[in-house]
1. Do any residues in segment 73-95 that are under 25 Å from LEU12 (Cα atoms) have Cβ atoms under 6 Å from those of residues that are at pLDDT 95 or above and open to solvent by 70 Å² or more (accessible area, probe 1.4 Å), where the two are at least six apart or on different chains, and which pairs are they?
2. Just the residues that are of a type in the set (Asp, Glu), within 17 Å of PRO39 (Cβ to Cβ) and touching a strand residue (DSSP E or B) at 6+ places or on another chain (Cβ under 7 Å), please, taken from segment 134-179.
3. For residues that are over 18 Å from GLU94 (Cβ atoms) and free of Cβ contacts under 8 Å to residues at least 24 places away in the same chain, scanning just segment 31-52, find the one that is least open to solvent (accessible area, probe 1.4 Å).
4. Condition first: open to solvent by less than 50 Å² (accessible area, probe 1.4 Å), within 21 Å of the chain's Cα centre (by Cα) and modelled with pLDDT under 95. Can you find one or more residues in segment 161-175 that meet it?
5. Quickly run through segment 264-285 and pick out the residues that are open to solvent by 10 Å² or more (accessible area, probe 1.4 Å) and either within 17 Å of ASP206 (Cβ to Cβ) or aromatic (Phe, Trp, Tyr) (or both).
6. Among the residues of segment 28-63, which ones are among the hydroxyl-bearing types (Ser, Thr, Tyr) and outside any loop (DSSP other than H, G, I, E, B)?
7. Is at least one residue of segment 99-111 in a strand (DSSP E or B) and open to solvent by less than 10 Å² (accessible area, probe 1.4 Å)?
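The values are calculated or read from the model by the stated rules, or taken from the named source; none is laboratory data. Computed from a predicted model, the values in this text were never measured in an experiment. Every residue, glycine among them, receives a Cβ derived from its backbone with ideal geometry; neighbour counts consider all protein chains shown. Side chains are part of the model used for accessible areas, which takes the heavy atoms of the whole protein and leaves out ligands, DNA and RNA. Shrake-Rupley method; radii C 1.70, N 1.55, O 1.52, S 1.80 Å.
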Amino acid sequence: MLPREVIAVGPLVLRAPVDEDAAAIRATCDDPLTARYLPLISSPYTMEDAHEHVRRAKTVWESGGAEFSITEEGRYVGSAGVTPLTPYGSATVELVVAPWARGRGVAGAVARGLTEWLLDHGVERVELETEVENLPSLRAAYRAGFTEEGRRRDAKALRDGRRVDLVSFARIARDGGEPVEQALPFFEGGELGDGVVRLTRMVVEDAADFHRMLGEPSVSRYNVGPGSSLEEDERRCRATGYLWLSGQRIELAVRDSVSGAFAGHLQLLHSMPAFGQGMIGYSLLPEFRGRGLMTRAVRLLSDWAFAHTSLHRLVAGTDAANLESQAVLERAGFVREGVRPEFFPQLDGSRTDEVSWLRLRPGRQISS
C-alpha cells in the first residue's frame, strides 16, 4: 500500500483530488486534445464525471494505487495516477496535463518526481506507455529518464475505431534516471529551406502523395522489397515524429517553396550511432525533376546534420544504373567511395551493384 502523502516537485505539488478541483478537471477532460488521447473517458465530459473522478480517487488509494491532482500555487494543472502494484512490484504511471499548463514541462517534471517517489517507497519497476503520435508525452518520458523498451502494435483503439501503436517505457531502481538527450534535434522553427525548397517533417496528410511517388515505375524500380499499401504508408507517416524524437531517423517531405506542394521524400537514418554515421535516402516525383530540388534538399539536410548533430559521416547507396541519383549526391558534396557488387536484391531474383557515396564532417579530408 502506498502512503497517502503530498509530493513536492519543484513548484508543483501533488495532492489527493478534492471537490474544488472538479471544474478544472471537467475543463481538462472536455478539451479535444485530452479526449483524443483518452478515448475511454466520457465525451462530452460533465461536472458529474469530474466529481465521480474525485470520488473514485479514494478507491484507487484503497486498492493499492494512487491518484493525485497536480497543482501549481494551489491551482489544478493536471492529474497523475499510479496503478496498483502487480505481484512483481511494478506500477504504471498515467498523466494528464491541463490545456493551460501545456508546453511548460509539467508532464516531464511530474513523471520524474512521481517515479522517484515510487522507487523510494520500494516499487521495483515503474512503467509508462504513450501513443506513437503523442509527441509531448513521448518527450516527457525521455526527459524523465525512462528507457524505451519497445513498440506495441495496434495496442490501443481510438474513438473512431482506428488502432494505434503504443511505445512502452520503464524505469527501475538501478537506472541512473538521466534525461535522454535527443540525438537528432528537431529543426528550429520546424523546417529547413533556402527559398527554393522546403524540408518539413512528413505527416499523415502527405501519405497519398508519398504512396503515389513510391508507385512511380522510375522510383519503384530502385526500391528493395515489395511495395506498401496506402494504409501502411499512412501508419509510417503517423510515426515520423516518434522516429525523429527517439533518434532513429528523420523522414521529410521535400516541398516546392512557392506552391508548398509535396515534391519528394528525404530520409536521414541514424544507421550507426556508435560510429557517428547516418545514411541519406531520397525519391522525387517525376514532375519536379530537372529543377535541382533534390540536390538542394540533400545539401540542406547534410549541412544541418553536421551543424546540429554529432554525426561524422553521411553515406548513401545508389543502384549502379541510377545515374540521376548519383549526380544528385555528387552535386551535394558527396564523393564516390566504392562499389559493392550484387548488393541490391531484385524481385526477379537477380541482384545489382551498389555505388557507395560519402560526405565527411567539414574539416576532414577524404583519402583517395
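1. Cβ pairs passing all conditions: GLY81/GLU94.
2. Listed by number, the residues that qualify are ASP154, ASP165.
3. Looking at the filtered set, the residue picked out is THR46.
4. Checked segment 161-175: no residue is open to solvent by less than 50 Å² (accessible area, probe 1.4 Å), within 21 Å of the chain's Cα centre (by Cα) and modelled with pLDDT under 95.
5. Matches in segment 264-285: HIS265, GLN267, PHE275, GLY281, TYR282, SER283, LEU284.
6. Those that are among the hydroxyl-bearing types (Ser, Thr, Tyr) and outside any loop (DSSP other than H, G, I, E, B): THR28, THR34, TYR37, THR59.
7. Quick first cut of segment 99-111, residues in a strand (DSSP E or B) only: none.
Looking for residues that are in a strand (DSSP E or B) and open to solvent by less than 10 Å² (accessible area, probe 1.4 Å), one finds none in segment 99-111, hence no.
Per-residue answers, yes or no, for (1) under 15 Å from ALA101 (Cβ atoms); (2) under 32 Å from the mean Cα position of the chain (by Cα):
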| site | (1), (2) |
| --- | --- |
| PRO11 | yes, yes |
| PRO17 | no, yes |
| ALA24 | yes, yes |
| ALA35 | no, yes |
| THR59 | no, no |
| THR71 | yes, yes |
